[in-house]
Amino acid sequence: MTLLGCDWRGREMLLTPIRSIHTALARGGTERDGWWRTSLIGDAAVVHVPQGTAAKDIVFALPQPTRITFVGLAGGLRNQPVGTTVDPESAFIAEPSAGKPSQLTFPADLSFHARSHPTKSRLPGGVAATVGCLADSTLLHHRLASIADYVDMESAHLLSAAALAGHQMRCLLVISDHNRDGDVFTSTPERIAAAVDDLCQAIQEDLTGGQ
């Protein structure tokens, strides 16, 4: 009730921290007045969540097992074309040891959190590294590129939370930049608009059965 503005008991939820993506996914829905902007489309809820760790709060608030799809953006670490959509098979939280960026290393026993959503994906899989902020993603680029395919701010937190709370989770990420030399701060929405539109349309068709 607090987060969504309604006593929602559906089985399908869409999360995104990107306002334009939420607007596209929520088109035709009924908006609710909670802490987080929420729209209902049939039995599904589309929720505009905060960036980063706080996105997982809704995962622990849900009272029943739910299939959750997170839709967000990521930096590519393998020179993936901007606009590519990926569906990581696993993700880890990138918390490096203290030191200069050029000397930072990650623990040898990284915890990888797995995708659990039942829908079989035709999108590229791979591993996502989840960092605390956009600046860290650039500073840690070379270290991240040695162990991950993409970098974002939410995937590992959400996959981990879903496993603990008994939900099924996937993270669909559109590559918005190449994560080098501050590229994330110069990336424009126009570069990925077509990819985002196609992804949102495909998700909406899944929700409505193609109607």
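Bear in mind these aren't lab numbers, they're just calculated from the coordinates by the rules spelled out. What you see is a predicted model; the values in this text were computed from it and never measured. In this analysis, Cβ positions are derived from the backbone assuming ideal geometry, glycine residues included, and neighbour counts consider all displayed protein chains.
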Sticking with the crude label model, points 7 Å out along Cα→Cβ, report the distance from S116 to A193 in nm, one decimal please. 3.9
Just add up the charged neighbours of G52: K/R +1, D/E -1, any other residue whose Cβ is under 15 Å from the Cβ of G52. -4
Highest mean first, how do 56-66, 153-163 rank when packing is the count of other Cβ atoms within 10 Å averaged over residues? 153-163, 56-66
Return the label of the correct value of Rg/Rh (Cα atoms, Kirkwood Rh), as calculated from the structure shown, out of [x] 0.99; [y] 1.01; [z] 0.96. [z]
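Report, in deg cm²/dmol and to the nearest 500, the calculated mean residue ellipticity at 222 nm for the chain, where each DSSP H run with n ≥ 4 adds -39500 (n - 2.57) and the sum is divided by the residue count.
When only DSSP H runs of four or more count, the value is -7500 deg cm²/dmol.
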Could you give the distance between the Cα centres of segment 114-149 and segment 66-87, to the whole Å? 8
Packing-based order for 186-192, 37-43, using average beta carbon neighbours within 10 Å, highest first: 37-43, 186-192
A74: net charge of surrounding residues, Cβ under 15 Å, Lys/Arg +1, Asp/Glu -1, itself excluded? -3
If you add up the charges near V131, with Lys and Arg at +1 and Asp and Glu at -1, over every other residue whose beta carbon is less than 11 angstrom from its beta carbon, what do you get? -3
Kindly express, to the nearest 10 degrees and within the range 0 to 90, the angle between helix 155-165's C-alpha long axis and the longest C-alpha principal axis of the chain. 50
